[in-house]
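Report on the following structure.
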């Protein structure tokens, strides 16, 4: 299998890591490999996407050509040349802070 070049859509909170680019190129045969390539090109992005155990954070959604990878093969979803991978933060209502608490941004 050849390594594929794909476009990756970057959400606004992560764009400081990609030199303010909303879309970047990355290579890999699978979504997992593309995300690893992003870390090589834009150090620090992996820390925002994965938890300390190496699992994709719960609030990070990944799409390949508008298809949620959770309904495909997850991070092992195979890519084709020219595919588009989108990183989309989950959106929830409210800040989830009870009285007296402080909220932390999800992406930091």
Among residues of the stretch 1-48, those that are assigned to a strand (DSSP E or B), out of contact with any helix residue (DSSP H, G or I) (no Cβ under 9 Å at 6 or more places or on another chain) and modelled with pLDDT of 95 or more, counted: 3
Residue pairs qualifying under the 7 Å Cβ cut-off, at least six apart or on distinct chains, with the first in the stretch 65-79 being on the phi < 0 side of the Ramachandran plot and without any contact (Cβ under 8 Å) to a residue 40 or more places away in the chain and the second being surrounded by 14 or more Cβ atoms within 10 Å (Cβ to Cβ) and assigned to a strand (DSSP E or B), are 68/61; 69/62; 69/63; 72/64
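Every residue in the stretch 49-92 that is part of a loop (DSSP other than H, G, I, E, B) and in contact with a helix residue (DSSP H, G or I) (Cβ under 8 Å, 6 or more places away or on another chain), please. Talk me through it step by step, then tell me what you get.
Taking the stretch 49-92 as the starting set, the residues that turn out to be part of a loop (DSSP other than H, G, I, E, B) are 51-55, 57-59, 65-66, 72-73, 77, 79-83, 90-92.
Correct list: 57, 77, 79.
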Could you list, ordered by first residue, the pairs with Cβ atoms under 6 Å in which the first is in the stretch 4-31 and without any contact (Cβ under 8 Å) to a residue 24 or more places away in the chain and the second is surrounded by 15 or more Cβ atoms within 10 Å (Cβ to Cβ) and assigned to a helix (DSSP H, G or I), at least 6 apart or interchain? 24/18
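Taking the criterion of being surrounded by fewer than 10 Cβ atoms within 10 Å (Cβ to Cβ), more than 19 Å from residue 27 (Cβ to Cβ) and at pLDDT below 90, would at least one residue in the stretch 59-66 satisfy it?
Going through the stretch 59-66, the residues surrounded by fewer than 10 Cβ atoms within 10 Å (Cβ to Cβ) turn out to be 66.
Subset that is more than 19 Å from residue 27 (Cβ to Cβ): 66.
Next, from what is left, pick out any that are at pLDDT below 90: none.
So far as the stretch 59-66 goes, no, none of its residues is surrounded by fewer than 10 Cβ atoms within 10 Å (Cβ to Cβ), more than 19 Å from residue 27 (Cβ to Cβ) and at pLDDT below 90.
The values are calculated or read from the model by the stated rules, or taken from the named source; none is laboratory data. Everything numeric in this text was worked out from a predicted model, so none of it was measured. All Cβ positions, even for glycine, are placed from backbone atoms using ideal geometry, and neighbour counts span all protein chains on display.
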